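Single-structure report; data block below.
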Amino acid sequence: MQLKPISEQVVAVVGASSGIGRETALQFAQRGAKVVVASRSRPGLDTLVEEIQQAGGSAIAVTADVADFEQVKAIADKTVEQYGRLDTWVHSSATSVFGTFDQLTPEEFKRVIEVNLVGQAYGAMAALPHLKREGRGSLIHISSGEARRSLPYQSAYSSSKHGVEGFLDALRLELLHEGHNINVTQILPAVINTPFYNKSRTKLGVKPTGLPPYYQPSLVADAIL
């Protein structure tokens with residue numbers, strides 16, 4: 001399917017305050033797209049918008065918790081209100097709790113699923129009506145290599161990423177069957193040099209780290225664009 005040139009696109013990037021989401025938003029803006037950036041962290045969004053605007057780009061920020069559908073819907077609605085349409089939705093928000101399964105509380109396990117799986121579904125629910133109205137578009141969901149290969153001490157995270165893969169496979173088939181010109185893409189990064197491990201909770205008594213080698217967020221952003 002032929003998408004619009006990036007310079008003509010309106011792009012929403014969720015989870016944009018740091019890491020992969022931030023780098024992706026910057027690259028879209030550098031190539032001329034109008035960008036709406038969203039996350040729970042307002043300070044990170046404000047510095048991102050400032051950086052984009054100082055470079056001559058166009059961007060606005062929306063604060064949202066992806067576990068709340070109305071807040072996610074507000075991202076898509078604000079995008080259309082500000083720029084008239086939505087062409088591409090990039091969903092990068094994620095969280096984790098490191099520990100053995102029996103160390104996790106029900107609330108901790110649930111939160112990871114709500115952010116990583118339900119939040120991804122909420123993003124697609126919010127974006128799809130606008131993409132269908134345009135007649136074409138792209139859903140890009142950042143998942144993880146753990147969608148294919150689980151790791152110990154990551155039971156909630158691995159569960160959520162396996163769920164994302166199943167959800168996106170089903171959604172892709174539905175859209176294909178219905179004849180919609182909407183791409184559904186799942187990105188499966190390895191270990192990326194982002195604040196993810198510093199921000200994640202741990203029950204292990206030590207600071208968690210990923211298995212080397214580490215890759216830069218720009219490599220993932222390149223794959224997205």
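Report the trypsin sites (Lys or Arg not before Pro) located in segment 1-36 that are in a DSSP loop and have at most 15 other Cβ atoms inside 10 Å of their Cβ, or state none. The partial results should precede the final answer.
On the way: sites: 22, 31, 34; in loops: 31.
Counting only loop positions with at most 15 other Cβ atoms within 10 Å, the trypsin sites (Lys or Arg not before Pro) in segment 1-36 are 31.
With the convex hull drawn over the C-alpha atoms of segment 172-219, the volume per residue is 132 Å³.
For the residue pairs 34/199; 78/110; 110/203; 4/132; 132/161, the C-alpha atoms sit more than 22 angstrom apart in 34/199; 78/110; 132/161.
Counted over segment 67-154 with a bin width of 5 Å, the fraction of Cα pairs per bin, in whole percents, is 3, 13, 20, 21, 15, 11, 8, 6, 3, 0.
Simple spin-label estimate for residue 30 and residue 3 gives 1.7 nm between the two label positions (7 Å along the Cα-to-Cβ direction from each Cα).
Sort 204, 211, 26 so the one with the fewest other Cβ atoms within 10 Å of its own Cβ comes first. If you can, show how the numbers build up before the last one.
On the way: 204 12, 211 9, 26 23.
In increasing order of surrounding Cβ atoms, one gets 211, 204, 26.
Relative to the longest principal axis of the Cα atoms of the chain, the long axis of helix 42-54 makes an angle of roughly 40 degrees.
In a reduced charge model with +1 at each Lys and Arg Cβ and -1 at each Asp and Glu Cβ, the chain shows a dipole moment near 240 debye about its Cα centre. Ranked by how many other Cβ atoms sit within 10 Å of their own Cβ, fewest first, the residues 63, 79 fall in the order 63, 79.
According to the calculation over all Cα-Cα pairs in the chain, the P(r) per 5 Å bin from zero is 1, 7, 15, 20, 21, 17, 10, 6, 3, 1, 0 %.
Relative to the longest principal axis of the Cα atoms of the chain, the long axis of helix 155-178 lies at roughly 30 degrees.
No lab work stands behind these numbers, since they all come straight from the coordinates. None of the values given here were measured: they were computed from a predicted structure. Positions of Cβ are backbone-derived with ideal geometry, glycine not excepted, and every protein chain shown enters the neighbour counts.
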